[in-house]
Amino acid sequence: PVPPGPAAAALLQALGLPDAPRDAPTSRPVPPVMWRLFRRRDHQEARAGPRRTPPGANLRPCHVEGLGVPGNIVRHVPDRGAAARPPEPSSAAGQCPEWTVVFDLSAVEPAERPSQARLELRFAAAEATAGGWELSVAPAGASPGPVLLRQAVPTLGTPVRAELLGAAWARNASTPRSLRLTLALRPRAPAYCARLSEASLLLVTLDPRLCHPLTRPRR
Amino acid sequence: EAEPAVGGSSGGACRARRLYVSFREVGWHRWVIAPRGFLANYCQGKCALPAAMSEPGGAPALNHAVLRALMHAAAPGAAGLPCCVPARLSPISVLFFDNSDNVVLRHYEDMVVDECGCR
């Protein structure tokens, strides 16, 4: 391996990375959604090679095709609150627990403009209930804040997704360094409570410094 | 891994040469998830006539490059030859772990030389 020197530091800087991350976390699998986005982009880039690009066609450089939003950085942020959450016994409706989730967004630079912040939740030990569920999201803190988001959840068989941009922070505001939320999932009809098994945040940002205008199409 | 460079710009016309960047060689393979590396390529070669003109289907030749090559042919001492530089580039995407245990997909423009041209 190349010893860290000015050349490696210059390349890291060109890649927009302050320093070389330390070794990979041993217990963190790569989320399938990230593989899908990478393969979709990589496949397009391969197809956009010099020999196969139709005249005038260009990859949209600052656009995440798989999600349909502007952006050139996609981050899958794990919930830091998971380790601190005590195991929950399943309990009857009306006494469903609340969960605190914490997302560390300190890696996002001030120049990056958020274009999507998708909360993704997976639940376990839930039986189907007539009428489904209602998810509520509020800021976490000593005193409960106003509910930022309420969303009907018909089924828990697939991951529950909620868009936080515009709800947890304003669209044109810069990304907070940390996001602490209180979640609650209540059945609409009497039923056992569900249990949160995983929470994550998919954050898409656009760094205009790395965003070049489309190359001039060939005359 | 690179195609052996030809001494200076004396041999061969201006064109893209193979250069593969391996993240393992750079020592980043523990935090870069994919790809394992990429073909960055580089430009080298002589920009005298007719190389200063564009290859069929390649990037359009710059008139100024042709003018310089003409002047060099007529009076070698008057002005140097045009330079062989990237004329068309492609992006790559990199999937990696950052220091906050996030999995990050970043898109980088202008990382691969597709075509070279005389400028």
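The values are calculated or read from the model by the stated rules, or taken from the named source; none is laboratory data. Bear in mind the structure is a predicted one, so any value in this text is a computation, not a measurement. Cβ coordinates were reconstructed from backbone atoms using ideal geometry, including for glycine residues, and neighbour counts include every protein chain displayed.
Only one of these conditions is not met by A:ALA130: (1) in contact with a Phe, Trp or Tyr (Cβ under 7 Å, 6 or more places away or on another chain); (2) part of a loop (DSSP other than H, G, I, E, B); (3) hydrophobic (A, V, I, L, M, F, W, C). Which number is it?
(1)
For the range A:37-60, check the following and say yes or no: at least one residue is within 30 Å of A:ARG186 (Cβ to Cβ), at pLDDT below 95 and either outside any strand (DSSP E or B) or among the aliphatic types (A, V, I, L, M) (or both).
Applying the first criterion (within 30 Å of A:ARG186 (Cβ to Cβ)) to the range A:37-60 yields none.
No, the range A:37-60 has no match at all.
For the range A:86-97, state whether one or more residues are closer than 20 Å to B:ASP98 by Cα, part of a loop (DSSP other than H, G, I, E, B), at pLDDT 75 or above and of a type outside the set (D, E, K, R).
Quick first cut of the range A:86-97, residues closer than 20 Å to B:ASP98 by Cα only: none.
For the range A:86-97, residues closer than 20 Å to B:ASP98 by Cα, part of a loop (DSSP other than H, G, I, E, B), at pLDDT 75 or above and of a type outside the set (D, E, K, R): absent.
Please enumerate the residues belonging to the range B:89-106 that are facing chain A (nearest Cβ under 7 Å) and more than 26 Å from A:ARG80 (Cα to Cα).
B:SER90, B:PRO91, B:ILE92, B:SER93
Tally the residues that are closer than 24 Å to A:ARG41 by Cα and either hydrophobic (A, V, I, L, M, F, W, C) or crowded, with 19+ Cβ neighbours inside 10 Å (or both), restricting the search to the range B:17-50.
Number satisfying all stated conditions: 13.
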